[in-house]
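Take a look at the structure set out below.
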Amino acid sequence: MIAGLNGARILVTRPAAQAENLCELIESRGGVPVRFPTLEIAARQPEAQAVQDAETGDWLIFTSSNAVDFAIPAFGGKMPGWRGARIAAVGAATADALRRAGCAVDCVPAGEFSSEGLLAEPALQQVAGLRCTIVRGVGGREKLADGLRVRGATVAYLEVYSRNRPAADIGGLRADLHAQRLAAVTATSVEALQNLVAILDGEAIERLRQIGLVVASERIGQNAEQLGFKRIAVSPQPTDAAILETLTTLLNGENSGGSN
């Protein structure tokens, strides 16, 4: 029998447009999602030359489903039919988004869905002399680009969206924290977690750090430790289904080895 969440209130920090599936899964397991987006995603139109370079390169590497969704308007409303270009996705959700957009995906990590996982793929080992475009939001990690450049690739970015901290009414969150009504928090990016901490202070932060935190990767977990969180559980994959299972395990006291 699958353990339930038994009415536990779960703070969901994903951007509003991407939180609904996880919230529905939490509800299906008997939990109560508390929607509190700490990131706002906005479209960004890159320079025309950057778009043209991406269309004529050897590899297009998408770092998130957001990158896919916002690339479509950047490319004029639909994904171009790239001739000769190969397409890579950083993870399963990104690959699914690409397929929905009509793109064949040539490379997805077999293991860890991350820059490190992508760099470990055989298809990206021999890239000397090739032109690679990383489609992403503004800013972010340099790990993937650095790894490809070391192998001799020419790397450019096509930044098709920005991540901003939304204006938020924190009165309800403060009240929930003060009354200890939250059982757990979910964070699927370092920036989302950092923004959550940044908007709180004093007693609210201290109470937040005592709550169970489910994160979508080891890297986010390491950042959470640096921010002072005490109960951290790392989801084995950054998918909504895996996050739900990690939440359920954490809150039913069965976590062994996945939390710090």
Calculate the dipole size of the chain relative to its Cα centre from +1 charges on Lys and Arg beta carbons and -1 charges on Asp and Glu beta carbons; express the result in debye to the nearest 20.
80 debye
Row for segment 42-163, column shape: gyration tensor on C-alpha, a ≥ b ≥ c, rounded if a/c < 1.5 i.e. under 1.5, prolate if a/b over b/c, else oblate; value rounded
Rounded, prolate or oblate for segment 143-221? Axes are the square roots of the Cα gyration tensor eigenvalues, ordered a ≥ b ≥ c, and the cut-off for rounded is a/c under 1.5.
prolate
Suppose a student asked you for the relative contact order of segment 217-256, using Cα pairs under 8 Å spaced at least 6 residues apart; what percent would you report?
32 percent
The summed charge of the Val32 Cβ neighbourhood (under 13 Å; Lys/Arg +1, Asp/Glu -1) stands at +1
Anisotropy class of segment 50-117 from Cα gyration tensor, a/c 1.5 cut
prolate
Scoring only Lys, Arg, Asp and Glu (+1, +1, -1, -1) among other residues with Cβ under 11 Å from the Cβ of Glu116 yields 0
Distance histogram in 5 Å bins (all Cα pairs of the chain, percent per bin)
1, 6, 13, 16, 17, 15, 12, 9, 6, 4, 1, 0
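Throughout, read-outs are computed from the coordinates displayed, never taken from laboratory work. This structure is a prediction, so every number in the text was calculated from the model and none was measured. Cβ coordinates were reconstructed from backbone atoms using ideal geometry, including for glycine residues, and neighbour counts include every protein chain displayed.
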